[in-house]
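Where a number appears in this text, it was derived from the coordinates with a stated rule and is not lab data. Small disclaimer: the values here were computed from a predicted structure and weren't measured. Using ideal geometry, Cβ is built from the backbone for each residue, glycine included, and neighbour counts are taken over all protein chains shown.
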Amino acid sequence: MASLPGADSGHYPEDLELTLLQVVHRHGERTPVRKRLTQLFPAVWNMCDANAHMFATILSLDPKAAKQFVPLQRLVDEERLGQKPHLHKPGACYYGQLTNVGRQSMASLGSRLREIYINRLKFLPDVFDENTVTIRSTDYQRTQESVQQLVAGGLYPIEKRHDDFVLKISTRDPVADNMFPNPNCYRLRQLNKESKKEVNEIYKDKFKSLSERLKKYVDSVSLDSHPSANGIMDTLVAAKAHGYDLPPDIDEGVMRDLEDVVILDFFYAAMKSHECRRLGIGRLVGDIRDRMVEKAAGVNDRKLHIYSGHDTTVGPLLISLGVFDKRWPPFSSSIIFELFQEKGTNSSWTSRIFGQKEQPHYVRVRYNDKILELPGCQATEDHHSNGDKSLCTFEAFKKIVKDQVPENWNEECQYKA
């Protein structure tokens, strides 16, 4: 689980007031997305209590009939002929599913956000109000369940919700989703393919070393092995997060070497290519900026926007801001964008009507338990006059992200000869 934002961390100058909160997070702990390393860990983990209720609701053809709940058990056929199907107990996990651990970590993140932004700062309403919140999620069960846990399990627990509470989550067609580097962008695929060749060359010796150290468990380790370096790391990280012991020979050195190669596999293109950053996560950067612009202009009453995504959401976003620490974003990681205005500020429309001067706005970014100082905000004129370099002027922040946002994503995504 990622380190939670500090409940008492962050200095809030007396002359500023918080006006907008945006939270981008990775989903909570999940099972591996495929069956791997079964000589080390069970293929099925009984850590998903929600499965006892999945697909259990039957809607009758008779509209007057009530919904029925039919107990469900999974029978999984074994590959060998004549082998009896294996009966999975209630609570058995599907591949890539949010687990009990993941649900708890997302509820804990929501609870910490409540401590900071409701109990301490009195910014968000004490009781859930759907008119103050918007939620976006990728079209994956684990991301939608994660944000459900964040909001209904921690930020607004049952005693802080009305009886008619409904959590509205917006999703997009995966073909057009902008919350991860979308493979439907052909130019992005082209850039990533070129990047993989470089990564293979950069880490050819490390691949040999990892293959030797992990030969008891896999035939080889590379970007294209079966399982791949990413698949191996994903399974080991997920297993460790759920309390499984790793063999002594899979030590921190092995895990860090796997992490190094997987980071370059997924993020090297974005780290070295401005074009890749634009096409990969630039549209989400634009959405985050635009919500701030709307709030500063006084045309959006929402106080909180939540974006529920993946490691491939968080990593590229940190890269675009120039603050990536070259570590894989842990489960339930969060990037928090705070927009402030000087107290007594008039919204832009009232300023224009009455000829009053619009006061400055500031942006601060948190990543897990860290308050970040964006590289583009270090000049004296680009941060708050009190010297706090984490309080970026809104103008400086807009300059940082301006070139990260594609003007026409579909056109820029065409193959280049």
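I need to check one value: relative contact order of the range 189-272, counting alpha carbon pairs closer than 8 Å and at least 6 residues apart, in percent. Show your work: numbers first, answer last.
On the way: 58 pairs, mean separation 29.1, N = 84.
About 35 percent, as a whole number.
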**Q.** Distance between the range 146-177 and the range 243-312 - C-alpha centres, whole angstrom
**A.** 21 Å
Q: In debye, nearest 20, what is the charge dipole magnitude of the range 189-272 about its Cα centre with +1 on Lys and Arg Cβ and -1 on Asp and Glu Cβ, if you could check?
A: 280 debye
Q: Can you tell me the relative contact order of the chain? Whole percent, Cα pairs under 8 Å, sequence separation 6 or more.
A: 25 percent
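Where does each of Glu259, Glu381 land when they are ranked from fewest to most other beta-carbon atoms within 10 angstrom? Don't jump to the answer; show the numbers that get you there.
Working: Glu259 17, Glu381 9.
By the 10 Å Cβ count, ascending, the order reads Glu381, Glu259.
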Q. With axes computed from alpha carbons, what is the tilt in degrees of helix 100-114 against the longest principal axis of the chain, rounded to the nearest 10 within 0 to 90?
A. 10 degrees
Q) Amide H neighbours of Ile306 under 5 Å, counting only residues 5+ apart in sequence or on other chains, H built in-plane at 1.01 Å? A) Val23, Thr134, Ile135, Arg136
Q) Rounded if a/c is under 1.5, else prolate if a/b beats b/c, else oblate: with a ≥ b ≥ c from the C-alpha gyration tensor eigenvalues square-rooted, which is the chain? A) oblate
Q) Per residue of the chain, what 222 nm ellipticity follows from adding -39500 (n - 2.57) for every DSSP H run with n ≥ 4, rounded to the nearest 500? A) -10500 deg cm²/dmol
(Q) Order 365-374, 181-190 from most to least packed using the mean count of other Cβ atoms within 10 Å. (A) 365-374, 181-190
Q.
Just want the answer: with Cβ charges of +1 for Lys and Arg and -1 for Asp and Glu, which residue in Thr38, Leu391, Ala229 is farthest toward the dipole's positive end in the chain?
A. Thr38
Q. By its C-alpha gyration tensor, with a ≥ b ≥ c as the square roots of the eigenvalues, how is the range 166-229 shaped: rounded for a/c under 1.5, else prolate for a/b larger than b/c, else oblate?
A. oblate
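Take Phe207, Phe165 and order them by how many other Cβ atoms sit within 10 Å, fewest up front. Kindly include the intermediate steps, with their values, before the conclusion.
Working: Phe207 20, Phe165 14.
The order, fewest Cβ neighbours first, is Phe165, Phe207.
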**Q.** Table column - 3J(HN,Hα) (Hz), the range 168-176, Karplus curve with 6.51, -1.76, 1.60, x for Gly and Pro
**A.** 9, 10, 8, 10, 10, 4, x, 4, 10
Q. Among His383, His226, which comes first, then next, by fewest other beta-carbon atoms within 10 Å?
A. His226, His383
Q: Report, to the nearest 10°, how far helix 252-272 tilts away from the longest principal axis of the Cα atoms in the chain, using its own Cα long axis and a range of 0 to 90°.
A: 50 degrees
Q | Cysteines having no other Cys beta carbon under 4.7 Å from their own, within the chain | A | Cys276
